[in-house]
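Peer 1: Here you go, one structure.
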Amino acid sequence: MSSNTDPRRERALDLLADQALYGSSPALEAELAALRASGVVHDSDLLDLESTAASLHMLAGTVGAPAEPLPPHLRAAILQNAPNASAPARPRPAKNPLGATVPMLGAPPREVPAPIARPRSVFRAPSTWLAMAACLLIGLGVSRYVTRPPVDSNEVLAEVTPAQARSALLASVGDAVTLPWKATEDPAAKGAQGDVVWSKSAQRGFLRFSGLAANDPKRTQYQLWIFDGARDQAYPVDGGVFDVPSGGEVIVPIDPRVPVTDATLFAVTVEAPGGVVVSKRERIVTTAAPSKG
Amino acid sequence: MQPPLLARVAQGDPEAIRECVDRYGGLLWALARKSSPSQAEAEDAVQEIFVELWRNAARYDESRGSEISFIGTLARRRLIDRRRARMRRGETSIDLAPAASIPPSQELASDARRVAWALEQLRPEQRNLLVLSAYQGLTHEEIAQSTGLPLGTVKATVRRGLIRVRELLAPSPSAVPPSGVSP
């Protein structure tokens, strides 16, 4: 969805931006209806702009400003009013750093107190059995830090490791390239070897390292940057942050989050925990680039 | 591979529902507190948002955008509606003291960096006005009043800023050419 010289589309995009930011109005809808009828704009344009506005709303203020914890009584009330609130949780599998999971058997249920009644809230427990179900809610001890969905124990064998996923990508797409890392003079890169696999068609890839210095995630993290020939080189695409444990080979999935049209260079830097929006490039540890010509 | 989280929420999977609350509850709570005049209002707003989410989870289409964009759209609409209702009732806003903070999940932090990366590439004035609008939820008139800029300038700048961020997050043939800077 890009601007062009058609003034009707320009006007339509302006109206859609207003709608995405502030909601609709009869006058806006009337004018948009006429523009839609002429075919200069589509429903997908509104969805794209709404999605962008929502992302800005949700996330623009969170970089460097962590989210707040949901109060326990509010969490309990939300779950109490959710569908299937009375169904107990299944045992959660433990997670190892390489991505494979093993089932955690016999995890005991944990009682939580009933939600505090709020006279002004419209979400009081509507019946006695719901209040009893709330008392039997099973909590998840590491729930704040979950980044992957729980895996049923019967599906454990179907979980692939990063190494297997890397091999599968190489085998399944025709445009996957494998680029060797070139270590810099940075102390963390002394003895570092490995490669980066990247597929433009799949928009996926994997970093593989051995010998890269282990990091303390509370002090620093590694961050991948993808320089895209179709974008401003001052703003390489963030490929994600990752940690390197001590010893052995590390394989990390690449998660660019923004489409990469023409990857011209991959670079790994050392950054503050959580990564940065734009790197100062003070500590570049490895680079990898497609061969020219 | 498991279906997306919201697909499992739509099926009434209790595990998925709990995970959804734990993954996004903190962020929605922070947004509700920022836009609500009291803790009670914020709590009601968050509960309304999750009820809306349970009702609409089946409408989430992974091909159309991220989970956080879908949830953020629901949240934004609900918070704007509540704010408009308070304004119609003549209620004024009260600033709440910030609560204790916890780090967001790595996935949310990655999404946040992505959005901030796009904002970083806007002109400072465009970025500031867009943040006031999309993030703070101020109307064009409120932004014009607080910044002293003409209303027409505010409208045009905010609109174009949102469209530009959308373009940056999804490259098109009109994407910016490289400036030649190397690492």
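Peer 1: In nm, to one decimal, how far is the modelled label at B:Ser63 from the one at A:Gln203, with both set 7 Å along Cα→Cβ?
Peer 2: So the two model labels end up 1.3 nm from each other.
Peer 1: Give me the accessible area buried between chains A and B, both sides summed, with a 1.4 Å probe, in Å² rounded to the nearest 100.
Peer 2: 8800 Å²
Peer 1: How do the peptides A:178-190, A:24-36 rank, highest first, by the average count of neighbouring beta carbon atoms within 10 Å per residue?
Peer 2: A:178-190, A:24-36
Peer 1: I'd like to check one number: the per residue accessible area of the range A:236-287, probe 1.4 Å, reported in Å² as a whole number.
Peer 2: Roughly 39 Å² per residue, with all protein chains present.
Peer 1: What shape does the range A:1-59 have by the C-alpha gyration tensor, where a ≥ b ≥ c are the square roots of the eigenvalues, rounded means a/c under 1.5, and otherwise prolate means a/b greater than b/c and oblate the rest?
Peer 2: oblate
Peer 1: Over the whole of B:64-72, what's the average partner chain Cβ count within 10 Å per residue? Rounded to a whole number, please.
Peer 2: Details: counts 4, 7, 4, 0, 5, 12, 4, 2, 10.
Per residue, the number of nearby Cβ atoms from other chains is 5 on average.
Peer 1: Checking the a/c ratio against 1.5 first, then a/b against b/c, what shape does the Cα gyration tensor give for the range A:196-243? Before the final figure, lay out the partial values.
Peer 2: On the way: a/c = 2.78, a/b = 1.54, b/c = 1.81.
Oblate shape, in that a/c is at least 1.5 and b/c is the bigger or equal ratio.
Peer 1: Another question, then. Count, for each residue of A:239-249, the Cβ atoms from other chains sitting within 10 Å of its Cβ, then give me the mean as a whole number.
Peer 2: Partner Cβ neighbours, averaged per residue: 1.
Peer 1: Search the structure for amide H atoms under 5 Å from the amide H of A:Ile254, placed 1.01 Å from N in the peptide plane, and list their residues when 5 or more places away or on another chain.
Peer 2: Here A:Gly205, A:Phe206, A:Leu207 satisfy the definition.
Peer 1: Could you give the length gained on full extension between A:Glu185 and A:Ser167, defined as 0.36 nm per residue of separation minus the Cα-Cα distance, in nm?
Peer 2: Gain on stretching A:Glu185 to A:Ser167: 3.5 nm.
Peer 1: Please report the accessible area of B:Lys34 (heavy atoms, 1.4 Å probe, ligands and nucleic acids excluded) in Å², nearest 10.
Peer 2: Counting only protein heavy atoms, the figure is 110 Å².
Peer 1: Another question, then. What GluC sites (Glu not before Pro) in the range B:5-50 are in a loop by DSSP, with at most 10 other Cβ atoms within 10 Å of the Cβ?
Peer 2: none
Peer 1: Taking every residue in B:31-43, how many Cβ atoms of other protein chains lie within 10 Å of its Cβ, on average?
Peer 2: Counting Cβ atoms of other protein chains within 10 Å of each residue's Cβ and averaging gives 3.
Peer 1: Using Cα positions and a limit of under 18 Å, work out the aspartates and glutamates in reach of A:Lys280, with same-chain residues fewer than 8 apart set aside.
Peer 2: Answer for A:Lys280, where 18 Å is the Cα cut-off: A:Glu185, A:Asp186, A:Asp228, A:Asp232, A:Asp238, A:Glu271, B:Glu120, listed by chain and number.
The values are calculated or read from the model by the stated rules, or taken from the named source; none is laboratory data. Remember, predicted model here, so these are calculated numbers, not experimental data. So basically every Cβ, Gly included, is an ideal-geometry build from the backbone, and we count neighbours across all protein chains shown. Just so you know, the surface numbers come from the protein's heavy atoms only, side chains and all, with ligands and any DNA or RNA stripped out. Shrake-Rupley method; radii C 1.70, N 1.55, O 1.52, S 1.80 Å.
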